[in-house]
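Read the structure below first, then the notes.
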Amino acid sequence: RYFPIQDKSIRVVHNDDYKINTNGQNTRIIVGDSFGEGEKCGNSNNIAGCLIKKDGLHVVNLSETGTGPALYLNKLQDYIKIQRSIYPNISGEKIHFILYSNDIVIDKDMCVFINENRNKFNNLSFEENEYIKNYCTSENFNKRKKNHTTNIQMIIKNIFGKYSNALLRESIMKLQVAMNLNSDIGRVSYIKKWRNTSAERTALSEVIFASENFCKRYNCNIIFSIFPNVEDINTSSMLYKGYLEFINYIQEDFGITINNGYIPFLEKGIINASYSILDVHSNCDGYELFANWLISLEKNNS
């Protein structure tokens, strides 16, 4: 949507006729990636759609596929500042800031955040600073994008069809997750970044801290939570344990609570809520379950 007075645009996933203005305390704002956007389930059955069905709630979904926490923060800041300029006497929105396993990865927006907040990264080691410096060059980003599909993947795709590559990739990833294998590739590679001191963990922590402070300044109530890796909802998985260590680290070092989104699935005995064998996004029931759980978090944060 374009706001002419502020000369600013903001991307939302809602239909054109859906009003995204703030209603203050009755407004819920969702920020996340494809899980927040509701990949496969659409506006009616994603997290926002499930919340909209609750009486009296106005929900604005700022989530965007393929993005990370630094952009979540940027979009949240843009939205709140625009709304405060239009409605200066309205505030008190509840913000659901939803993290997923790949949010520990440094992307272009995170590189911008790091460069704009250099003073927050003084405690990084020389090696970590060099890692960020090299990782965040445009040359390296273009190289990673170009090499995203390997020659072997292209051969498999050409021989067995366009979905074969996705099936192979997901099969390997699920095997890694199920067997708690160590790897520097795919979702399993995120485990050590969530668990251990790293440039990635420091960057994500600072974005969370900045988001918390932003909402304190602009009188919005921010609630952080993790959306589970729904293809393996298992308390013994290494990724789950990595999440728990990160949750404890943020609580101890920043005094910020990150809510464990595995809980509602575990309480229902759900071990897999993925959309399909080829797609690790949540099925629509999973989004609804998560949305209902978010409502319960709000009561605890009232």
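The values are calculated or read from the model by the stated rules, or taken from the named source; none is laboratory data. Here the structure is a predicted model, which means the values were calculated and not measured. Heads up, the Cβs are rebuilt from the backbone with ideal geometry, glycines too, and the neighbour counts pull from every protein chain shown. Remember, those area values only see protein heavy atoms, side chains included, never the ligands or the DNA or RNA. Shrake-Rupley method; radii C 1.70, N 1.55, O 1.52, S 1.80 Å.
Tabulated data for the structure shown
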| item | result |
| --- | --- |
| Enumeration of residues in the range 201-214 that are β-branched (Val, Ile, Thr) and open to solvent by 20 Å² or more (accessible area, probe 1.4 Å) | Thr202 |
| Selection count where residues are out of contact with any strand residue (DSSP E or B) (no Cβ under 6 Å at 6 or more places or on another chain) and buried (at least 18 other Cβ atoms within 10 Å of the Cβ), scope the range 259-276 | 3 |
| Residue selected from the range 87-108 under the condition modelled with pLDDT of 95 or more and over 19 Å from Ile247 (Cα atoms), by the criterion least open to solvent (accessible area, probe 1.4 Å) | Glu93 |
| Test for Phe113: is it surrounded by 17 or more Cβ atoms within 10 Å (Cβ to Cβ), outside any helix (DSSP H, G or I) and of a type outside the set (S, T, N, Q) | no |
| From the options Ser189, Ser225, residue that is at pLDDT 60 or above and in a helix (DSSP H, G or I) | Ser189 |
| Output for the range 277-295, where each listed residue is out of contact with any strand residue (DSSP E or B) (no Cβ under 6 Å at 6 or more places or on another chain), open to solvent by 40 Å² or more (accessible area, probe 1.4 Å) and in contact (Cβ under 8 Å) with a residue 24 or more places away in the chain | Ile277, Leu278, Cys284, Glu288, Asn292 |
| Val280 over 27 Å from Asp78 (Cα atoms) and either among the β-branched types (Val, Ile, Thr) or in a strand (DSSP E or B) (or both) | yes |
| Qualifying residue in the range 216-228 (condition: over 23 Å from Thr65 (Cα atoms) and among the aromatic types (Phe, Trp, Tyr)) | yes |
| Unique match (being at pLDDT below 95, at negative phi, of a type in the set (Asp, Glu) and in contact with a Lys or Arg (Cβ under 8 Å, 6 or more places away or on another chain)) among Glu231, Glu245 | Glu231 |
| So Ser34, is it of a type in the set (Ser, Thr, Tyr), at pLDDT 90 or above, within 24 Å of Gly66 (Cα to Cα) and open to solvent by 60 Å² or more (accessible area, probe 1.4 Å) | no |
| The range 3-23: number of residues that are in contact (Cβ under 8 Å) with a residue 40 or more places away in the chain and out of contact with any His (no Cβ under 9 Å at 6 or more places or on another chain) | 9 |
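Conditions (1) closer than 30 Å to Asn89 by Cα; (2) in contact with a Gly (Cβ under 9 Å, 6 or more places away or on another chain); (3) open to solvent by less than 20 Å² (accessible area, probe 1.4 Å), marked per residue:
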residue	(1), (2), (3)
Lys216	yes, no, no
Ser225	yes, yes, yes
Asn229	no, no, yes
Ser236	no, no, no
Leu239	no, no, yes
Leu244	no, no, no
Ile247	no, no, no
Asp253	no, no, no
Thr257	yes, no, no
